[in-house]
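What follows is one structure encoded as structure tokens, with my remarks underneath.
The values are calculated or read from the model by the stated rules, or taken from the named source; none is laboratory data. The structure presented is a predicted model; accordingly, all values stated were derived computationally and were not measured. Positions of Cβ are backbone-derived with ideal geometry, glycine not excepted, and every protein chain shown enters the neighbour counts. These area figures cover heavy atoms from the full protein model, side chains too; ligands, DNA and RNA do not enter into them. Shrake-Rupley method; radii C 1.70, N 1.55, O 1.52, S 1.80 Å.
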Amino acid sequence: MAALADPPLVEARRDGERSLWVAFVVMVALLIAAPFVVYPVFLMQALCFALFACAFNLLIGYVGLLSFGHALFFGWASYLCAHAAKVWGFPPEAAVLFGTLSGAVLGVVAGSIAIRRQGIYFAMITLALAQMMYFVALRAPFTGGEDGIQDVPRGHLFGVFDLSHEKTMYVFVLVMVLAGFLFIYRIINSPFGEVLKAIRENEPRAISLGYNTDRYKLCAFVLSATLAGLAGALKALVFQLASLTDVYWTMSGEVVLMTLVGGLGTVFGPVVGAFLIVAMENYLAQFGQWVLVIQGVIFVACVLVFRRGIVGELAHALGVKL
Amino acid sequence: MVEIFGIPSYALFGQLLIGLINGSFYALLSLGLAVIFGMLNIINFTHGAQYMMGAFAAYLMLQYLGVDYWIALVVVPILIGATGILIERLFLQHIRKLDHLYGLILTFGLALIIEGLFRNQFGSSGKPYQIPALLQGGRNLGFMFLPNYRAWVIAFSLVVCFATWFAIERTRLGSYLRAATENPALVRAFGINVPRMVTLTYGFGVGLAALAGVMAAPIYNVSPQMGSDLIIVVFAVVVIGGMGSILGAIVTGFALGVIEGLTKVFFPEASSTVIFVIMAIVLLIRPAGLFGRTV
């Protein structure tokens, strides 16, 4: 009778979720312990990129849309958050919210243009739109051109917590990033997320089932842009700097790389990928242009022999969901 | 002095000329992209890097081997085309059955490798390339000054574009190519070696990019990053024109170059963004692109 009450399918699903919970607990434990061992600014940088990569993964991994212009949302949210905090004197929570919302608005505009074409064109269009906004950032007076916006004040969170302390800032970033991470997990496991996966697998069929796929795709795009915006806004506060690097196409390429290394369409892949790539770049910064070559080699290796990514391979080997 | 719309004619036609020059490069590069995409179903992100390699090959051959522009114009496309064939054999042939997106990511990675290696070797600063003796100087047309080399670039790229169009649309080899684009399995069944055709097509597309690079060397400074910004604009050009038609790619390339040049005269702040704005407008009005079929 017990077998009837608990059919194998439900069992498997519960097993799958168990592995995810174990992994989540391990990740949180590591992130809480980490600042006692590792330089907090490095960790915060990696966390911002982890959220950025998770936001990107929401599109490529669950809707099958490759955006080659996500730096647009990351970088512009970073600029607007920095501007709000420095020039308008917004408190940090308001500045981050402002940056995040600007990511959403840009997502609506860019998304409604880009989803008009599919596949390879989608990637080229997002790349072109991001490049356009790079030139706007280069020329716009408030962005400070090549200098960027420097000395952004971190301020006091809710007027209480002084974010200029690295540990306090770390807790703030960690909480925001984990909230974003859980939000994405919730999205992909909601009925809405199931429709997204259906669109990824077979769009004409989703249309024939009566779904307005364009609206779903736009919605996913805006969600992804919003979370990328959150990541960018946080990064502006962490480094107290918003600069052209964050809106340039190389940044769009980097987030593709992080997600690809970690594993497209895995829950934890983008986080692992972001930590690895950020660590690699910090370590290799002294070798100058070799970073570009090494990034390129990783791209090629991932596509040719390692398409599941690190977490994807691990999940495959263990036979669990990660 | 002659004025048109309150702008001195020298400035207006000067920018128009620069627009046509840029348009020549947009046309040559988007043509190569379209040819490659037709056969391999890959958007060749390496195209910008291969254009840069063409310019560098010409520069290095002049600098160290004393090979002049005219020989470089023939040798460099063949040489860089050969490296393209190598890339196709080593990498691209293995991912033909995968999602198109992997092709984009793979060629993006290759572009990073090439650009990184060149930056390591030659630094980021631009290197000048002398205009060949035969084409130095220029002529005064009354309303503007026309440098000979620029006139040559426009004329020669028009010839190359037309020749490519003719080869693909009007010859037997071109008809095989178009047939293999539609249905490779059937064309193979007729005894035509489609994989070899794919390889050679990629080599040809890359050769076109390298040719554009050689032509660009005397106009722009030769530098490792000269291709990466250009390729993004060319992507926008390709989205506007649609990749269905060879002629479409050529016309769109030249037209957008001219529009960009005119924007520089009338509204200089927008000159670097105008092509992207046009792309957005075209997508809103006619999503398939001006000459494209719906994808």
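Within the stretch B:94-114, track down each residue that is hydrophobic (A, V, I, L, M, F, W, C) and either surrounded by fewer than 21 Cβ atoms within 10 Å (Cβ to Cβ) or modelled with pLDDT of 90 or more (or both).
Quick first cut of the stretch B:94-114, residues hydrophobic (A, V, I, L, M, F, W, C) only: B:95, B:98, B:101, B:104-106, B:108, B:110-114.
Answer for the stretch B:94-114, where residues must be hydrophobic (A, V, I, L, M, F, W, C) and either surrounded by fewer than 21 Cβ atoms within 10 Å (Cβ to Cβ) or modelled with pLDDT of 90 or more (or both): B:Ile95, B:Leu98, B:Leu104, B:Ile105, B:Leu106, B:Phe108, B:Leu110, B:Ala111, B:Leu112, B:Ile113, B:Ile114.
Could you please let me know if B:Leu117 is outside any helix (DSSP H, G or I), within 10 Å of chain A (Cβ to nearest Cβ) and open to solvent by 10 Å² or more (accessible area, probe 1.4 Å)? Steps first, please.
Numbers: outside any helix (DSSP H, G or I): no; within 10 Å of chain A (Cβ to nearest Cβ): yes; open to solvent by 10 Å² or more (accessible area, probe 1.4 Å): yes.
No, not satisfied.
Among the residues of the stretch B:213-231 satisfying the criterion of being of a type in the set (Gly, Ala, Ser) and either without any contact (Cβ under 8 Å) to a residue 60 or more places away in the chain or open to solvent by less than 10 Å² (accessible area, probe 1.4 Å) (or both), which is farthest from the other protein chains (Cβ to nearest Cβ)?
Let us first name the residues in the stretch B:213-231 that are of a type in the set (Gly, Ala, Ser), namely B:213, B:216-217, B:223, B:227-228.
Still in the running and either without any contact (Cβ under 8 Å) to a residue 60 or more places away in the chain or open to solvent by less than 10 Å² (accessible area, probe 1.4 Å) (or both): B:213, B:216-217, B:227.
Numbers: B:Gly213: 19, B:Ala216: 19, B:Ala217: 22, B:Gly227: 12 Å.
Step by step, filter the stretch B:213-231, then rank; the result is B:Ala217.
What are the pairs with Cβ atoms under 7 angstrom where one residue, in the stretch B:7-22, is closer than 17 Å to B:Asn140 by Cβ and the other, located anywhere, is open to solvent by 50 Å² or more (accessible area, probe 1.4 Å) and assigned to a helix (DSSP H, G or I)? Sequence gap at least six, or different chains.
Within 7 Å, the pairs are B:Leu16/B:Leu262; B:Leu17/B:Arg150.
Kindly provide the set of residues from the stretch B:135-152 that are in a helix (DSSP H, G or I) and in contact (Cβ under 8 Å) with a residue 24 or more places away in the chain, ordered by number. First the steps, then the outcome.
Initially, the stretch B:135-152 is screened for residues in a helix (DSSP H, G or I), giving B:135, B:148-152.
Those that are in a helix (DSSP H, G or I) and in contact (Cβ under 8 Å) with a residue 24 or more places away in the chain: B:Tyr149, B:Arg150.
It is to be established whether one or more residues within the stretch B:244-264 are touching a residue at least 12 places away in the same chain (Cβ under 8 Å), more than 9 Å from chain A (Cβ to nearest Cβ), out of contact with any strand residue (DSSP E or B) (no Cβ under 7 Å at 6 or more places or on another chain) and not in a helix (DSSP H, G or I).
yes
Check B:Phe91 against each of (1) surrounded by fewer than 22 Cβ atoms within 10 Å (Cβ to Cβ); (2) within 11 Å of chain A (Cβ to nearest Cβ); (3) under 21 Å from the mean Cα position of the chain (by Cα); (4) of a type outside the set (Lys, Arg) and name the one condition it does not meet.
(3)
Hey, A:Leu43 hits all of (1) at pLDDT 90 or above; (2) under 23 Å from A:Leu223 (Cα atoms); (3) touching a Phe, Trp or Tyr at 6+ places or on another chain (Cβ under 9 Å); (4) not in a loop (DSSP other than H, G, I, E, B) but one; which does it fall short on?
(2)
Does B:Gly138 count as loosely packed, with under 15 Cβ neighbours inside 10 Å and either aromatic (Phe, Trp, Tyr) or within 14 Å of another protein chain (Cβ to nearest Cβ) (or both)?
On the way: loosely packed, with under 15 Cβ neighbours inside 10 Å: yes; either aromatic (Phe, Trp, Tyr) or within 14 Å of another protein chain (Cβ to nearest Cβ) (or both): no.
Here the answer is no, as B:Gly138 does not meet what is asked.
Between a first residue in the stretch A:252-278 that is without any contact (Cβ under 8 Å) to a residue 12 or more places away in the chain and a second residue that is among the hydroxyl-bearing types (Ser, Thr, Tyr) and not in a loop (DSSP other than H, G, I, E, B), which pairs have beta carbons less than 7 Å apart while being 6 or more apart in sequence or on different chains?
none
If I filter the stretch A:287-295 for residues that are away from every other protein chain (no Cβ under 12 Å) and surrounded by fewer than 21 Cβ atoms within 10 Å (Cβ to Cβ), do I get at least one hit?
For the stretch A:287-295, residues away from every other protein chain (no Cβ under 12 Å) and surrounded by fewer than 21 Cβ atoms within 10 Å (Cβ to Cβ): absent.
Can you list residue pairs whose Cβ atoms sit under 7 Å apart, with the first residue in the stretch B:268-285 being hydroxyl-bearing (Ser, Thr, Tyr) and the second being open to solvent by 60 Å² or more (accessible area, probe 1.4 Å)? Count only pairs 6 or more apart in sequence or on different chains.
B:Ser271/B:Lys264
Given (1) more than 14 Å from every other protein chain (Cβ to nearest Cβ); (2) closer than 23 Å to B:Ile232 by Cα, where does B:Tyr69 come up short, assuming only one miss?
Of the numbered conditions (1) more than 14 Å from every other protein chain (Cβ to nearest Cβ); (2) closer than 23 Å to B:Ile232 by Cα, the odd one out for B:Tyr69 is (2).
Looking at A:Gly180, is it open to solvent by less than 70 Å² (accessible area, probe 1.4 Å) and on the phi > 0 side of the Ramachandran plot?
Details: open to solvent by less than 70 Å² (accessible area, probe 1.4 Å): yes; on the phi > 0 side of the Ramachandran plot: no.
No; evaluated as a whole, the condition is false for this residue.
Among the listed residues A:Leu257, A:Leu230, identify the single one that is among the aliphatic types (A, V, I, L, M), assigned to a helix (DSSP H, G or I) and within 16 Å of B:Gly116 (Cβ to Cβ). Explain how you work it out, then say what you get.
Working: A:Leu230 fails: within 16 Å of B:Gly116 (Cβ to Cβ).
Criteria check complete, one pass: A:Leu257.
Give the stretch A:154-173 a look and list any residue that's at pLDDT 85 or above and either farther than 16 Å from A:Tyr39 by Cβ or out of contact with any helix residue (DSSP H, G or I) (no Cβ under 6 Å at 6 or more places or on another chain) (or both), or say none.
Result: A:Phe158, A:Lys167, A:Thr168, A:Met169, A:Val171, A:Phe172.
Could you tell me how many of the residues in the stretch B:153-183 are open to solvent by less than 60 Å² (accessible area, probe 1.4 Å), in a helix (DSSP H, G or I) and without any contact (Cβ under 8 Å) to a residue 40 or more places away in the chain?
So the answer is 6.
When you scan the stretch B:79-104, how many residues do you find that are closer than 19 Å to A:Gln295 by Cα and in contact (Cβ under 8 Å) with a residue 12 or more places away in the chain? Don't jump to the end; show me each part of the working.
Of the residues in the stretch B:79-104, the ones closer than 19 Å to A:Gln295 by Cα are B:87, B:90-92, B:101-104.
Pick out the ones that are also in contact (Cβ under 8 Å) with a residue 12 or more places away in the chain and you get B:87, B:91-92, B:103-104.
Selection size over the stretch B:79-104: 5.
I'd like to check which helices (runs of 4 or more DSSP H) are fully inside the stretch A:117-214 and have at least 2 residues that are within 14 Å of another protein chain (Cβ to nearest Cβ), β-branched (Val, Ile, Thr) and under 23 Å from A:Leu106 (Cα atoms). If you could, list the steps in order and put the result at the bottom.
Working: elements: A:119-139, A:166-188, A:191-201, A:203-208.
So the answer is A:119-139.
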